[in-house]
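Just so you know, all these numbers are worked out from the coordinates, no wet-lab data involved. What you see is a predicted model, and the numbers here were worked out from it, not measured in a lab. Cβ placement follows ideal geometry from the backbone for every residue including glycine, while neighbour counts extend to all protein chains displayed.
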Amino acid sequence: MIVTVFYTEMTRADEMGWSQLSSDQIEIQKFASGEGEVLSNYPSLVQSLMVTFWNWDPQKELKKTTPRVIEREPFNVLQETIQNLVIHFDVTDSTHFRKAWFHLKPDLKVRGLFGFHDFKKKRPLIILRMGIHGNVDELLAERYLAKIIYEDLDANFLLLESLTSFAFLSQNKNISFGGIDEGLQTFVILKELNRALSPFLPITASFHLMGLSMGGHGTFVTALLDQFNGRKIKSILNLCPLINLEKTFDYHARDGFGPAFIDLWNARRMNRLFDMYPKEISGSQWWMTLFDLKPRFTPAVLQILNSQRKTPLLSVDDIEKIVPGMKWPKGFAEHLKNSKSFYDLNNFWSLYQGVKTPMGLISTPHDPLVTNEFNADMITKKTQPGDFSSLKMHVFDRGIHCGFAPVYQWDYVVDLVKDGLGL
């Protein structure tokens, strides 16, 4: 009886804590990942098979030896790839994990997943911008990072979905992706979390930012705007981030099995666009890729964006209404207003100057998605426009696209993230 009453009171306290986080802009839902309204189009059979046969907990398989063993040896590339997507970390308990919608303006909303230990102790809040198709009802490539943040670093998190996720595409009439839009949105969300009398402040010790893959592109935009507007971000860590959008997608437009597979996967994951742009997508004859291995779907989407998305979903006027006293880096507002194409809009690097927030950038040699030649390597070789004086590069010799858990011992991966965030 006493246990039942105690549990009931704890549940009420947690529910009250969650409800207090809601605002006009933030809609906290009652459901955790994979519960309530599930907005996912990931092939359920594929995911079920992966979880059934490959689900594993790298923390339990940790080898503690003297001298310290750093590396782990997967059987093959297939095992390494799948293991990185099915790490055991349960985010279905709504006591600690809740989905949320961020209503940025009447026709624009972005989904995220909060992870809070409790509503008593101040902890770091780490905002993680997810990679391409990143979806909080699935939590695949980002799951090992969420596990580290929550379980090993004892921090809270906010995972923000990619604008290429099924949830975003199914709930918004206007589309976009890439650094400018995601970076502006993250900045606005950060300002809401930091506003005066925000209910997040009593439970947040510091704010940190992470980006994975395509989600990393926007962290540079957020860092730049934050630099001129109060510097609320304490540290930033990017794992295999996209740097040059146009060069990377041009590279993936070449003929071949790899680019064709990625293109068809994009068509599957972004199938909402078939309804939004039937003429343009059908006219690309995307299905012919099955026969000649020439990507068509993704180039058609980029052609649509280059003609229609010359300005961001959140305009300069929108942001100035949301953020009173907004200060713009030199030339940045003009860039947002006057870009000639989607590619031009996302090529902001000449304006990336003066960021003092410590940032770590991690890359791996085997990266079939964010090709190093057009991204991290350009920073290393100092051929990339922009000011990276506050950035520290870390190049690792193992791992496919920053999937570290299958190839390094868990405590080593934890230390990598901990050190990168300065925690």
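Starting from the exponent 0.38 and prefactor 2.2 Å, build the expected Rg for the stretch 17-112 from its residue count and divide its actual Cα Rg by it.
Compactness ratio reported: 1.49.
Please provide three numbers in whole Å: the alpha-carbon extents of the stretch 216-268 along the principal axes, with the largest listed first.
So the extents along the principal axes, rounded to whole Å, are 47, 19, 17.
Once the convex hull of the alpha carbons of the stretch 114-269 is built, what does its volume come to per residue, in cubic angstrom?
With only Cα atoms used, the stretch 114-269 gives 124 Å³ per residue.
Which of the peptides 302-315, 134-147 is most tightly packed, and how do the rest follow, going by the mean number of other Cβ atoms within 10 Å of each residue?
134-147, 302-315
Among the listed pairs Lys173/Lys279; Lys247/Lys321; Lys63/Lys121, give every one whose C-alpha distance is greater than 24 Å.
Lys247/Lys321; Lys63/Lys121
In the stretch 162-206, how does Rg compare with the Kirkwood Rh, expressed as the Rg/Rh ratio over alpha carbon atoms?
Checking Rg against Rh, the ratio lands at 1.11.
Show me the trypsin sites (Lys or Arg not before Pro) within the stretch 48-119 that DSSP assigns to loop and that have at most 12 other Cβ atoms within 10 Å of their Cβ.
Lys60, Lys63, Lys64, Arg68
Rg over Rh of the chain, using C-alpha atoms and the Kirkwood radius, what does it come to?
Over the Cα atoms of the chain, Rg/Rh equals 0.95.
Tally Lys and Arg at +1 and Asp and Glu at -1 over the other residues with C-beta under 11 Å from the C-beta of Gly183: what net charge comes out?
Counting the neighbours of Gly183, the net charge comes to -2.
Quick check on the chain: of the DSSP beta bridges with both residues there, what percent are antiparallel, nearest 5%?
Just about 35 percent of them are antiparallel.
Based on a Kirkwood Rh over C-alpha pairs, give the Stokes-Einstein translational diffusion coefficient of the stretch 251-382 at 25 °C and viscosity 0.890 mPa s in µm²/s.
Rounded, D is 139 µm²/s.
May I ask for the Rg/Rh ratio of the stretch 359-401, computed from Cα atoms with Rh as the Kirkwood radius, given to two decimals?
We get a ratio of 0.96 for the stretch 359-401.
Less than 24 Å apart at the alpha-carbon level, and either on another chain or at least 8 residues along: which lysines does that give for Lys120?
Result set, ordered by chain and number: Lys30, Lys99, Lys147, Lys191, Lys232, Lys234, Lys418.
Highest mean first, what order results for 49-56, 402-409 on Cβ atoms within 10 Å?
Packing order, densest peptide first, comes out as 402-409, 49-56.
Would you give the gap between the C-alpha center of the stretch 394-412 and the C-alpha center of the stretch 23-51, rounded to a whole Å?
27
Taking the alpha-carbon distance from Lys64 and a cut-off under 12 Å, which aspartates and glutamates remain once sequence neighbours fewer than 8 residues away in the same chain are dropped?
Output for Lys64: Asp411.
If I take all pairs of Cα atoms in the stretch 310-423, what percentage of them are more than 24 Å from each other?
For the stretch 310-423, the share of Cα pairs beyond 24 Å comes to 45 percent.
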